[in-house]
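Structure record follows, encoded as structure tokens.
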Amino acid sequence: MIIYRQQVLEEDVELTGEFPIDVFQIDGEEIRAASPLRYHLQASLQENELLITGTISSSFHLRCVRCLDFFEKSIHIQALTLLIPFENEASIDLTERLREDILLDLPGYPRCEMADSPRECKPSGTILTEDDYHPSTNDSLTQEKEIWSALDDWKPTDRSNPNS
């Protein structure tokens with residue numbers, strides 16, 4: 001979305017629309033865009049800066065880090081505020097800034113309880129507790145000494161003598 005200086009010189013501009021899903025440039029095994037990036041913004045010129053306020057939203061299919069199932073998560077930024085220097089430019093492209101704001105709001109370690117419709121996560125595999133831990137019968141200290149004993153046999157070479 002490109003905003004031209006001429007658009008906002010005389011009066012504030014209202015911008016409403018959406019970017020297609022491919023604006024996110026993601027389609028991996030862990031995350032997929034589920035809806036376009038929708039925006040409803042107001043743009044105004046404040047001295048030599050462009051002030052953008054409004055809302056942006058989109059939704060994604062995320063893979064749970066516990067059970068590896070996918071769930072849907074919507075991202076809504078209700079109070080978006082951007083203040084962008086707008087001195088010598090004739091136009092500014094807001095696409096990347098809006099895209100990044102949505103992506104930065106995604107959870108780093110998504111879990112089922114973060115979904116739009118939270119659900120109990122059932123992890124796959126066995127989860128061991130502290131009571132399930134039983135140290136091995138081998139003496140780990142002896143094993144460690146055997147590993148380091150190889151260094152006892154090591155002899156450094158004399159780097160000043162090319163024949164060694």
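What does the helix-only formula give at 222 nm for the chain: each DSSP H stretch with n ≥ 4 adding -39500 (n - 2.57), the total divided by the residues, and the result rounded to the nearest 500 deg cm²/dmol? Provide the component values of the computation, followed by the final result.
Values: 3 runs with 29 residues, N = 164.
Result for the chain, helices only: -5000 deg cm²/dmol.
For the chain, taking the reciprocal of the average inverse distance between every pair of different Cα atoms yields a Kirkwood hydrodynamic radius of 21.1 Å. Net charge in the neighbourhood of L82 (other residues with Cβ under 10 Å of its Cβ; Lys, Arg +1, Asp, Glu -1) is -1.
Net charge within 12 Å of R66 by Cβ-Cβ distance, Lys/Arg positive one each and Asp/Glu negative one each, not counting R66 itself?
Numbers: positive: R63, R111, R119, K122; negative: D69, E113, E120.
With Lys, Arg at +1 and Asp, Glu at -1, the neighbours total +1.
Q42: net charge of surrounding residues, Cβ under 12 Å, Lys/Arg +1, Asp/Glu -1, itself excluded? Don't jump to the answer; show the numbers that get you there.
Working: positive: none; negative: E11, D12, E14.
It works out to a net charge of -3.
Entry note, segment 24-104: relative contact order of 28 percent, from Cα contacts under 8 Å with a spacing of 6+ residues. Seen through its C-alpha gyration tensor, with square-root eigenvalues sorted a ≥ b ≥ c, segment 54-136 comes out prolate because a/c lies at 1.5 or above while a/b is bigger than b/c. Probe radius 1.4 Å, ligands and nucleic acids ignored: give me the carbon and sulfur share of the accessible area of the chain as a rounded percent. After summing per-atom areas, the C and S share lands at 49 percent.
Can you give the charge dipole size of the chain about its Cα centre, rounded to the nearest 20 debye, using +1 on the beta carbon of Lys and Arg and -1 on the beta carbon of Asp and Glu?
Numbers: 14 positive and 32 negative charges, 68 e Å.
Dipole magnitude for the chain comes out near 320 debye.
Placing a pseudo-label 7 Å from each Cα along the Cα-to-Cβ vector at D22 and D131 gives an inter-label distance of 5.6 nm.
Keeping every protein chain present and rolling a 1.4 Å probe, give me the accessible area per residue for the chain in Å². Intermediate values should be presented prior to the final figure.
Values: 11710 Å² over 164 residues.
With all protein chains present, the chain gives 71 Å² per residue.
The values are calculated or read from the model by the stated rules, or taken from the named source; none is laboratory data. Because the structure is predicted, anything quoted here is derived from the model rather than measured. Every residue, glycine as well, gets a Cβ built from its backbone with ideal geometry; the counts of neighbours run over all protein chains shown. These accessible areas exclude ligands, DNA and RNA; they are computed on the full protein's heavy atoms, side chains included. Shrake-Rupley method; radii C 1.70, N 1.55, O 1.52, S 1.80 Å.
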